[in-house]
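*Asks:* Quick one: this structure, given as structure tokens, is what I'll be asking you about.
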Amino acid sequence: MKNRIFYGWIIVLAIFLMLAVGWGIPINTNSIFITPIEEDLNFTRSQMLNALTIRSIIMAVTSLSAAWVFSKFNLKRIMEISAIVLCMAYFAMRFMTSIIHYYILISIQAACITYGGFFPASVIINKWFVKKNATALGIAFMGTGIGGMIFNLMGSSLILQIGWRATITVFTAIIFIIKLVTVFILIKVDPEEKGLKPYGNTQRETMDKLEDDELPKTSIKDVLKSLKFWMLGIGIMIMGMNMTGLVSNIAPRLRDIGYSLSTSGKVTSLSMISLAVGKLLLGVIFDRYSMRNATLLSSLSLLLGMLGMLFAKYKIALICIGLGSGFGTSFGSIAPPLYAEKLYPRLEYTSKLAFFQTMSKIGGIISPILMGAMYKVSNSYNSSLVLLSGSLIVASLIWLGTLPANNEKE
């Protein structure tokens, strides 16, 4: 019995697979469907990009409401309903004939991804792990990058062989099977469902007793009066701007400079590999070192990617783009749940997580609008890349002023 694998690691594997299909397919393979759908349905590139903005807005709104939703309804049931509706909405794209259909289906998928993705996964892992919480998050959230790699390769081949509509059907079947096994069977929200205690339970009991005895609960309204809390949110928003601005524009930036589609694809693949590995490494760094140092490393990685984009005419910069974008964007899924766990212990975990994830999503909304407007003026990404690079320096100063130098709760 002593050598039996702790079931929490089964949960981590299940979430890894759940995100590999639940995020890796509808989000990370989206770009390979853009051109085939445009050509088949006569959609414009502008219309397709509008869908990404709509998706970001829906994810921001649902992230903001997630704390309330999960406090009122059963978390597991919400995940199960989200899984079913996601499959239906994704499969329905096979039959769409107008851009309005696309916008509606993308919006439904975005809501399902929020309610059945990172948010509940973060809550579940937080319940199962006290020690090695960040490492568990890193391993589980690697699924998005690994899924993106696998299904981009699979999807590109399938679209050429059987068309984009049939590929949607194949992907729907994969999502359904994996979601059925993970969400409905393997995932347990609380260790007590398996007669277990969280990993590192003694540490949690000590912290919970301290919070019960010395730290009366507070509300999100009270914390929102804190300038430090808002500065932390602004820092996360800046990171969201840079993550979206970097990853979404790698291919068009390289194509503008004159690189081939093949080269752009290789850099994007390197970014996906870096993202998968980066989530694991960032989780380990959060566990072993201070959250301030781990976050500063994420900021510097994004800055490396941005500078690589700015000087992309030099081939060495392509490596900077691939490595910097992958490791830097790991921040988006790893940092918010860890901030929610470690910071402001008097405030409910889900309220903090909802705020942090919403600020990141707001950054994701601002970035394409800002970069698009600046591109129209100069017909170049240079000015927006300089602006975003400068914003990362501001974010780094925010981290120095708001994040603790160690991993103790404050």
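The values are calculated or read from the model by the stated rules, or taken from the named source; none is laboratory data. Nothing here was measured: the structure is a model prediction, and the numbers come from that model. Neighbour counts run over all protein chains shown; Cβ positions are idealised from the backbone, glycine included.
*Asks:* What helices (runs of 4 or more DSSP H), lying completely within region 40-131, carry at least 2 residues that are among the β-branched types (Val, Ile, Thr) and buried (at least 18 other Cβ atoms within 10 Å of the Cβ)? If you could, list the steps in order and put the result at the bottom.
*Replies:* Values: elements: 45-72, 75-92, 99-115, 118-128.
Fully inside region 40-131 and qualifying: 45-72, 99-115, 118-128.
*Asks:* Considering each of 125, 139, 113, 106 in turn, give the residue that is among the β-branched types (Val, Ile, Thr), under 23 Å from residue 28 (Cβ atoms) and under 13 Å from the mean Cα position of the chain (by Cα). I'd like the intermediate steps shown before the answer.
*Replies:* Working: 125 fails: under 13 Å from the mean Cα position of the chain (by Cα); 139 fails: under 13 Å from the mean Cα position of the chain (by Cα); 106 fails: under 13 Å from the mean Cα position of the chain (by Cα).
Of the residues listed, the single one that is among the β-branched types (Val, Ile, Thr), under 23 Å from residue 28 (Cβ atoms) and under 13 Å from the mean Cα position of the chain (by Cα) is 113.
*Asks:* May I pose another question? Need the failing condition index for residue 28 against (1) part of a loop (DSSP other than H, G, I, E, B); (2) over 23 Å from residue 276 (Cα atoms), just the number.
*Replies:* Just one mismatch for residue 28, condition (2).
*Asks:* Test residue 10 against the stated conditions and say whether it is surrounded by fewer than 21 Cβ atoms within 10 Å (Cβ to Cβ), assigned to a loop (DSSP other than H, G, I, E, B) and either not charged (D, E, K, R) or not assigned by TED's automatic domain parsing to the domain that holds residue 175 (or both).
*Replies:* Numbers: surrounded by fewer than 21 Cβ atoms within 10 Å (Cβ to Cβ): yes; assigned to a loop (DSSP other than H, G, I, E, B): no; either not charged (D, E, K, R) or not assigned by TED's automatic domain parsing to the domain that holds residue 175 (or both): yes.
Answer is no for this residue.
*Asks:* Another one. Starting from residues that are of a type in the set (D, E, K, R) and in contact with a Lys or Arg (Cβ under 6 Å, 6 or more places away or on another chain), keep the ones in region 312-368 and report whichever is nearest to residue 236 (Cα to Cα).
*Replies:* Step one: list which residues in region 312-368 are of a type in the set (D, E, K, R), which gives 313, 315, 341-342, 346, 348, 352, 361.
Now drop any that are not in contact with a Lys or Arg (Cβ under 6 Å, 6 or more places away or on another chain), which leaves 342, 346.
Details: 342: 16, 346: 21 Å.
Filtering region 312-368 for residues that are of a type in the set (D, E, K, R) and in contact with a Lys or Arg (Cβ under 6 Å, 6 or more places away or on another chain), the one nearest to residue 236 (Cα to Cα) comes out as 342.
*Asks:* Additional query: What's the number of the only condition in (1) within 21 Å of residue 9 (Cα to Cα); (2) assigned to a helix (DSSP H, G or I); (3) touching a residue at least 12 places away in the same chain (Cβ under 8 Å) that residue 177 fails to meet?
*Replies:* (3)
*Asks:* For residue 326, work out the one condition from (1) over 14 Å from the mean Cα position of the chain (by Cα); (2) at pLDDT below 85 it doesn't fulfil.
*Replies:* (1)
*Asks:* Test residue 10 against the criterion of being within 26 Å of residue 84 (Cα to Cα) and free of Cβ contacts under 8 Å to residues at least 40 places away in the same chain, and give yes or no. First the steps, then the outcome.
*Replies:* Values: within 26 Å of residue 84 (Cα to Cα): yes; free of Cβ contacts under 8 Å to residues at least 40 places away in the same chain: no.
No, not satisfied.
*Asks:* What are the residues in region 56-70 that are closer than 12 Å to residue 109 by Cα and polar (S, T, N, Q), if any? I'd like the intermediate steps shown before the answer.
*Replies:* Taking region 56-70 and keeping what is closer than 12 Å to residue 109 by Cα, we get 56, 58-59, 62.
Hits for region 56-70 are 56, 62.
*Asks:* Can I ask one more? Those residues that are touching a residue at least 12 places away in the same chain (Cβ under 8 Å) and of a type in the set (A, V, I, L, M), I need them from region 376-402; list them, please.
*Replies:* In the first step, residues of region 376-402 are kept if they are touching a residue at least 12 places away in the same chain (Cβ under 8 Å); the result is 380-382, 384-389, 391-396, 398-402.
Scanning region 376-402 gives 385, 386, 387, 388, 392, 393, 394, 395, 398, 400.
*Asks:* Applying the selection to region 236-263, what residues are over 22 Å from the mean Cα position of the chain (by Cα) and assigned to a helix (DSSP H, G or I)? Give the derivation first.
*Replies:* Kept after step one, since they are over 22 Å from the mean Cα position of the chain (by Cα), are these residues of region 236-263: 253-263.
Correct list: 253, 254, 255, 256, 257, 261, 262, 263.
*Asks:* I would also like to ask the following. Find all pairs meeting these conditions: Cβ atoms under 6 angstrom apart; at least six residues apart or on different chains; first residue within region 55-78 and in the same structural domain as residue 337 (by TED's automatic domain parsing); second residue among the basic types (Lys, Arg) and surrounded by 17 or more Cβ atoms within 10 Å (Cβ to Cβ).
*Replies:* Correct list of pairs: empty, since none qualify.
*Asks:* I've got another one for you. Just give me the residues in region 148-167 being within 22 Å of the chain's Cα centre (by Cα) and touching a residue at least 60 places away in the same chain (Cβ under 8 Å), in sequence order.
*Replies:* 148, 149, 150, 151, 152, 155
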